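*Asks:* One structure coming up, written as structure tokens, with questions to follow.
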Amino acid sequence: MLETLIIRNYALIDNVSIRFSPGFTIITGETGAGKSIMLGALSLLLGERAETKAISDKTRKSVIEASFSNPDPELELIFEEHGLDWNPEEILVRREISPSGRSRAFVNDSPVTLPVLTSVTGNLVDIHSQHSNILLSQSSSHLAIVDAFCGNGNLLAEYRSDFGRYVTLRAKIRKIKQRLEKNRENRDFIAFQLEQLNKIAPKEGELKQVEQEFDMLSDADQIREDLGASYNLLDGGDNAVMGMLVEATSYLSRVNLSLFEESDSDELMRRLDNVRIELKDISETVRDYLDRVDSDPMRLAKVTARMNLLYDAIKHFKVADDEALVELHRELADKLNAIDFGDDDVVQLEQEARHLARELKAKAETLTELRVKGALDFAERLVATAVPLGLPNLRFSVEITQGKLTADGQDNAEFVCSFNKNHPMQPMARVASGGETARLMLSVKSIMAKCMHLPTVIFDEVDTGVSGEIADKMGAMMKNMGADMQVLAITHLPQVAAKGDSHFKVYKTDEEERTVSHVKVLDENERVDELAAMLSGTEVNEAARMNARSLLES
């Protein structure tokens with residue numbers, strides 16, 4: 001349940017800390033005192049949009065913080081999913097708004113996004129305002145109410161997951177068909193280009209190899225001359241370096257190099273030997289190069305023709321280089337293959353889509369059965385709950401009709417009702433007055449709160465448009481709800497206010513520079529005075545106090 005609510009620097013509220021109790025809590029106050037500000041602050045913890053104009057002191061941030069005790073253990077799954085610390089005894093949520101407009105949210109002191117904040121607090125508290133009454137008149141919300149009453153959450157989640165896969169699959173099939181159709185229009189051109197490239201048969205890295213061979217063949221005579229001269233100087237003639245090195249080694253071997261200070265004859269000879277080995281390897285490499293040089297005019301002509309063919313192809317097909325030419329060859333082959341054999345993929349995907357559609361239809365049928373059965377039970381319970389609220393002639397039904405498959409199944413739901421004898425039932429939006437809608441909505445909330453196991457429900461002037469005995473009965477209904485959950489009600493009706501287990505008053509004071517809202521819990525005598533003021537107006541007399549005491553005692 002909602003344990004504490006702290007509001008700092010938000011609209012007319014400077015610093016308020018409220019500790020709530022279980023059961024049925026009443027919040028009263030004059031119009032404009034700040035009751036709606038409290039709900040606005042609490043709505044920020046439910047993910048509502050934050051606005052800087054709500055910050056009264058622009059030099060500091062606005063902070064709204066709440067603690068919820070004994071949370072539902074099932075919430076731990078949401079905490080694990082988002083990597084949040086779980087405390088089975090308490091959940092702390094906080095929203096901060098800086099003067100610059102930046103908004104930050106926290107759950108158990110860990111920063112979270114607004115969607116994560118909403119997924120947590122949406123399972124902790126439900127705020128019902130007069131705007132919610134309007135939603136009851138909209139058929140788009142009727143199916144969600146029926147599903148919540150029936151407990152269809154898990155099945156509906158499975159269906160929606162499958163429906164998302166089905167939509168994605170159908171979109172993929174449609175995209176493939178469009179691509180195939182477009183490619184078929186260009187098939188002859190693609191086949192012609194592919195035939196040309198098949199004749200050329202470009203290979204990766206081929207152009208570089210051809211260019212290197214062309215350079216060698218076109219200058220073969222000069223290359224052979226230079227390599228031959230180099231080889232002769234190294235090891236191919238009488239005055240070659242290799243011969244002179246051998247002769248120098250022979251001369252040095254005759255000298256006793258140990259006669260020289262710090263001289264190592266063995267080391268010097270090893271160095272000479274290493275030079276000889278390295279030089280021999282170099283000369284053999286040059287000889288190998290020389291053997292590979294071929295001044296074959298026929299080979300040169302063939303290489304030249306291949307190189308020019310690749311150059312022309314790159315230019316003709318408007319690609320950057322030979323690698324892009326190879327890639328184009330591969331792409332054209334894949335396109336033609338997809339055109340000629342792509343229907344096989346489409347057939348397989350369509351078979352998968354038909355199978356998924358059958359599964360969707362089966363789950364949709366199951367949802368329909370549950371909804372039809374649940375709608376009858378819901379209608380009976382709603383009538384039984386709402387009739388005592390001054391609707392003696394109420395007839396109510398949920399019309400479930402089938403249509404095409406959507407993300408919610410195949411069903412549409414419409415609340416139809418009649419409040420007068422011998423009047424046909426019509427859609428609720430056409431026949432329900434504001435007061436009748438408020439009483440129906442309270443009845444719906446009374447039923448749904450138990451089904452959805454919400455720990456805290458807040459009613460914001462749900463009793464608008466009613467008075468007297470009906471107000472008394474609506475107050476009794478909210479008090480009964482408070483036996484199973486925490487219920488907070490903002491009200492202007494003394495009949496409702498008298499039913500509370502605890503009572504807060506919101507009031508405002510004019511200070512030197514601004515008007516400030518305050519909240520205080522009322523003791524027994526203060527409750528009497530507050531109820532008396534609600535009964536008689538600004539002037540409270542003893543008769544009003546007696547009536548107030550009577551209301552509290554009853």
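*Asks:* Please name all residue pairs, on different chains or six or more residues apart, with Cβ atoms under 8 Å, provided the first residue is in the range 378-397 and is farther than 23 Å from Asp147 by Cβ and at pLDDT below 90 and the second residue is in a helix (DSSP H, G or I) and open to solvent by 60 Å² or more (accessible area, probe 1.4 Å).
*Replies:* Pairs found: Pro388/Lys473; Leu389/Lys473; Gly390/Glu469; Gly390/Lys473.
*Asks:* Pro22 - would you say it is part of a loop (DSSP other than H, G, I, E, B), open to solvent by less than 20 Å² (accessible area, probe 1.4 Å) and closer than 29 Å to Gly475 by Cα?
*Replies:* Working: part of a loop (DSSP other than H, G, I, E, B): yes; open to solvent by less than 20 Å² (accessible area, probe 1.4 Å): no; closer than 29 Å to Gly475 by Cα: yes.
Considered against the rule, which asks whether it is part of a loop (DSSP other than H, G, I, E, B), open to solvent by less than 20 Å² (accessible area, probe 1.4 Å) and closer than 29 Å to Gly475 by Cα, Pro22 comes out as no.
*Asks:* From the list Arg254, Arg276, which residue is of a type in the set (Lys, Arg), exposed (fewer than 11 other Cβ atoms within 10 Å of the Cβ), free of Cβ contacts under 8 Å to residues at least 40 places away in the same chain and more than 30 Å from Leu309 (Cβ to Cβ)?
*Replies:* Numbers: Arg276 fails: exposed (fewer than 11 other Cβ atoms within 10 Å of the Cβ).
The conditions single out Arg254.
*Asks:* For the subset of the range 170-210 comprising residues that are acidic (Asp, Glu) and modelled with pLDDT under 85, which member is farthest from Glu350 (Cα to Cα)? Reasoning before the result, please.
*Replies:* Filtering the range 170-210 down to residues acidic (Asp, Glu) leaves 181, 185, 188, 195, 204, 206.
Next, only the ones that are modelled with pLDDT under 85 stay: 181, 185, 188.
Details: Glu181: 17, Glu185: 23, Asp188: 27 Å.
Checked the range 170-210; the qualifying residue farthest from Glu350 (Cα to Cα) is Asp188.
*Asks:* From Leu44, Leu2, grab the single residue that is in contact with a strand residue (DSSP E or B) (Cβ under 9 Å, 6 or more places away or on another chain), touching a residue at least 40 places away in the same chain (Cβ under 8 Å) and either open to solvent by 40 Å² or more (accessible area, probe 1.4 Å) or closer than 17 Å to Leu454 by Cβ (or both). Write out each step before concluding.
*Replies:* On the way: Leu44 fails: either open to solvent by 40 Å² or more (accessible area, probe 1.4 Å) or closer than 17 Å to Leu454 by Cβ (or both).
Residue meeting the stated conditions: Leu2.
*Asks:* Which members of the range 519-547 meet the condition of being surrounded by fewer than 18 Cβ atoms within 10 Å (Cβ to Cβ), aliphatic (A, V, I, L, M) and modelled with pLDDT of 90 or more?
*Replies:* Val521
*Asks:* Given the conditions (1) in contact (Cβ under 8 Å) with a residue 60 or more places away in the chain; (2) out of contact with any Pro (no Cβ under 7 Å at 6 or more places or on another chain); (3) not β-branched (Val, Ile, Thr), which single one is not true for Leu310?
*Replies:* That leaves (2) as the condition not met.
*Asks:* Quick one: which helices (runs of 4 or more DSSP H) lie wholly within the range 113-221 and hold at least 3 residues that are open to solvent by 20 Å² or more (accessible area, probe 1.4 Å) and β-branched (Val, Ile, Thr)? Write out each step before concluding.
*Replies:* Numbers: elements: 114-121, 130-136, 142-150, 153-185, 187-200, 206-218.
Those helices (runs of 4 or more DSSP H) span 153-185.
*Asks:* Next up: Determine the pairs where a residue that is over 15 Å from Asn154 (Cα atoms), located within the range 364-376, has a partner that is part of a helix (DSSP H, G or I) with Cβ atoms under 9 Å apart, the partner being 6 or more residues away or on another chain.
*Replies:* If the second residue must be part of a helix (DSSP H, G or I), the pairs left are Lys373/Cys150; Gly374/Val146; Gly374/Asp147; Gly374/Phe149; Gly374/Cys150; Ala375/Val146; Ala375/Phe149; Ala375/Cys150.
*Asks:* Next up: Just give me the residues in the range 428-450 being open to solvent by 40 Å² or more (accessible area, probe 1.4 Å) and either in a loop (DSSP other than H, G, I, E, B) or under 23 Å from Leu143 (Cβ atoms) (or both), in sequence order.
*Replies:* If we filter the range 428-450 for residues that are open to solvent by 40 Å² or more (accessible area, probe 1.4 Å), which is where we start, we get 429-431, 433-434, 450.
Hits for the range 428-450 are Ala429, Arg430, Val431, Ser433, Lys450.
*Asks:* Right, Gly482: crowded, with 24+ Cβ neighbours inside 10 Å and not aliphatic (A, V, I, L, M) or not? Quick ask: steps written out before the conclusion?
*Replies:* Working: crowded, with 24+ Cβ neighbours inside 10 Å: no; not aliphatic (A, V, I, L, M): yes.
So Gly482 does not fit the description; no.
*Asks:* Considering only the range 279-306, how many residues are assigned to a helix (DSSP H, G or I), surrounded by 14 or more Cβ atoms within 10 Å (Cβ to Cβ) and polar (S, T, N, Q)?
*Replies:* Residues that pass the stated criteria total 2.
*Asks:* Okay, moving on. Taking the residues in the range 486-514 that are part of a strand (DSSP E or B), out of contact with any helix residue (DSSP H, G or I) (no Cβ under 9 Å at 6 or more places or on another chain) and not aromatic (Phe, Trp, Tyr) as candidates, determine which candidate is surrounded by the fewest Cβ atoms within 10 Å (Cβ to Cβ).
*Replies:* Within the range 486-514, the match that is surrounded by the fewest Cβ atoms within 10 Å (Cβ to Cβ) is Asp510.
*Asks:* Then there's this: Using beta carbons and a limit of 7 Å, which pairs, at least six apart or on different chains, have the first residue in the range 482-506 and in contact (Cβ under 8 Å) with a residue 12 or more places away in the chain and the second one open to solvent by 10 Å² or more (accessible area, probe 1.4 Å) and hydroxyl-bearing (Ser, Thr, Tyr)?
*Replies:* Matching pairs, first to second residue: Leu493/Ser467; Asp501/Ser21; Ser502/Ser21.
*Asks:* Hey, another quick one. Please go through (1) closer than 30 Å to Leu42 by Cα; (2) without any contact (Cβ under 8 Å) to a residue 24 or more places away in the chain; (3) among the hydrophobic types (A, V, I, L, M, F, W, C) for Val416 and return the number of the only condition it doesn't satisfy.
*Replies:* Condition (1) is where Val416 drops out.
*Asks:* Just give me the residues in the range 374-400 being open to solvent by less than 70 Å² (accessible area, probe 1.4 Å) and in contact with a strand residue (DSSP E or B) (Cβ under 7 Å, 6 or more places away or on another chain), in sequence order.
*Replies:* Matches in the range 374-400: Ala375, Phe378, Ala379, Leu382, Val383, Leu394, Phe396, Ser397, Val398, Ile400.
*Asks:* Something else now. Any idea which of Asp463, Asp472 is crowded, with 23+ Cβ neighbours inside 10 Å, closer than 21 Å to Ser536 by Cβ and charged (D, E, K, R)? Show your work before the answer.
*Replies:* Values: Asp472 fails: crowded, with 23+ Cβ neighbours inside 10 Å.
Only one candidate passes the filter, namely Asp463.
*Asks:* Among (1) at negative phi; (2) touching a strand residue (DSSP E or B) at 6+ places or on another chain (Cβ under 6 Å), where does Ser98 come up short?
*Replies:* It is condition (2) that Ser98 fails.
*Asks:* For the range 401-427, which positions are in a loop (DSSP other than H, G, I, E, B), aliphatic (A, V, I, L, M) and either touching a Gly at 6+ places or on another chain (Cβ under 9 Å) or surrounded by 18 or more Cβ atoms within 10 Å (Cβ to Cβ) (or both)? Give the steps one after another, and end with the answer.
*Replies:* Let us first name the residues in the range 401-427 that are in a loop (DSSP other than H, G, I, E, B), namely 407-408, 419-425.
Still in the running and aliphatic (A, V, I, L, M): 407, 425.
Result: Ala407, single match.
The values are calculated or read from the model by the stated rules, or taken from the named source; none is laboratory data. This one's a predicted model, so the numbers in the text were calculated from it and none came from an experiment. A quick note on method: Cβ atoms are made from the backbone with ideal geometry, for glycine too, and the neighbour counts reach across all protein chains shown. Side chains included, ligands, DNA and RNA excluded: accessible areas come from the protein's heavy atoms. Shrake-Rupley method; radii C 1.70, N 1.55, O 1.52, S 1.80 Å.
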